Amino acid sequence: MRMNEFLKQIASDIKTTNKELTKDDFYYLLKYTGIKQDKTLVNDIETFYTTFLENLNNSLVRHVVRKTGEKENTTNYIGFYTERRANYTESYKIYFPVKYEYMISALKTIFSYLIRNSIESVVKFHVKATNENIVIRFYHKEDVLPFINYCNNNFILDDLLEPVNPFIATIYGIGIVRDDNTLNTYNGTLSEALEEYFKFLKMCDALDKANDLHFLDFVMQTEAKEENEIIKFNLRAIISNIKAILSRTNPLD
């Protein structure tokens with residue numbers, strides 16, 4: 001689904017139902033757009049990961065591990081070669097939206113690549129199907145493109161990946177964003193912006209005006225008025241991504 005299509009569909013739904021969508025509603029939509037709900041591999045993914053950690057504990061790889069949620073709502077995090085939070089002004093978040101049936105093999109490949117190249121990074125992955133199944137935060141920009149090129153040279157990405165949400169710019173189908181990693185995520189900030197945008201359109205009786213350029217202008221005006229520098233950073237990241245999508249340019253430039 002393209003950005004314009006997403007925005008116009010939301011506007012149409014609001015006109016039909018008169019429902020006011022919250023940031024949590026938008027966050028859910030962004031995470032599951034285009035995805036068939038599936039949790040059949042939850043136990044297999046967790047078993048693989050437990051075995052991987054047991055083997056990793058006997059190696060010299062420095063890593064940190066944590067998880068949130070339970071059962072099919074579990075999100076796992078593992079950080080390689082790092083004992084600190086990433087500097088948000090230097091790090092880049094990569095969305096690797098692998099199809100659910102390939103989750104375990106993709107995790108094996110990604111973990112192997114990061115370990116083999118001693119890359120400071122944190123991998124986040126869900127155990128049920130989403131369009132952000134695997135997310136990698138690279139601590140340094142120079143590590144991003146070699147990883148993407150490695151994936152593009154070694155896999156048929158068109159067959160391996162789901163589309164990311166329509167507000168994330170991509171290279172070879174792999175999404176690239178930035179966020180502060182403290183106050184909010186990229187999609188969290190985006191969800192708040194979408195909530196405020198549609199509230200504004202509804203108040204002005206202007207839902208028919210919803211489109212990508214109009215939303216971009218709204219976010220730019222929001223960023224200009226924002227005083228918190230961390231929130232401004234996230235809003236600038238959204239602006240940069242939307243511009244890259246609309247102009248079909250490299251989101252790393």
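Quick one: which of 50, 109 is part of a helix (DSSP H, G or I), surrounded by fewer than 12 Cβ atoms within 10 Å (Cβ to Cβ), modelled with pLDDT of 95 or more and out of contact with any Phe, Trp or Tyr (no Cβ under 7 Å at 6 or more places or on another chain)?
Result: 50 is the single residue among 50, 109 that is part of a helix (DSSP H, G or I), surrounded by fewer than 12 Cβ atoms within 10 Å (Cβ to Cβ), modelled with pLDDT of 95 or more and out of contact with any Phe, Trp or Tyr (no Cβ under 7 Å at 6 or more places or on another chain).
Of all the residues that make up region 219-244, how many are of a type in the set (D, E, K, R), in a helix (DSSP H, G or I) and loosely packed, with under 15 Cβ neighbours inside 10 Å?
3
Does residue 136 satisfy the criteria of being modelled with pLDDT of 95 or more, crowded, with 17+ Cβ neighbours inside 10 Å, of a type in the set (Val, Ile, Thr) and within 22 Å of residue 253 (Cα to Cα)?
yes
In region 1-47, which residues are under 16 Å from residue 125 (Cα atoms) and outside any helix (DSSP H, G or I)?
35, 37, 38, 39, 40, 41
Residue 7 versus (1) out of contact with any Ser or Thr (no Cβ under 9 Å at 6 or more places or on another chain); (2) outside the structural domain of residue 203 (by TED's automatic domain parsing): which is the lone unmet condition?
(2)
Residue check: is residue 44 acidic (Asp, Glu), at pLDDT 95 or above and under 26 Å from residue 173 (Cβ atoms)?
yes
Could you list all residues from region 53-80 that are surrounded by 16 or more Cβ atoms within 10 Å (Cβ to Cβ) and part of a loop (DSSP other than H, G, I, E, B)?
Result: 74, single match.
Tell me which residues, restricted to region 192-218, are under 21 Å from the mean Cα position of the chain (by Cα), among the aliphatic types (A, V, I, L, M) and buried (at least 19 other Cβ atoms within 10 Å of the Cβ).
Matches in region 192-218: 193, 194.
Yes/no matrix, rows are residues, columns are (1) within 27 Å of residue 8 (Cβ to Cβ); (2) outside any loop (DSSP other than H, G, I, E, B):
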{"position": "123", "(1), (2)": "no, yes"}
{"position": "159", "(1), (2)": "no, yes"}
{"position": "165", "(1), (2)": "yes, no"}
{"position": "187", "(1), (2)": "yes, yes"}
{"position": "202", "(1), (2)": "yes, yes"}
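The values are calculated or read from the model by the stated rules, or taken from the named source; none is laboratory data. Not measured: the values here are computed from a predicted model. Here the Cβ is made from the backbone with ideal geometry for all residues, glycine too, and neighbour counts use every protein chain on show.
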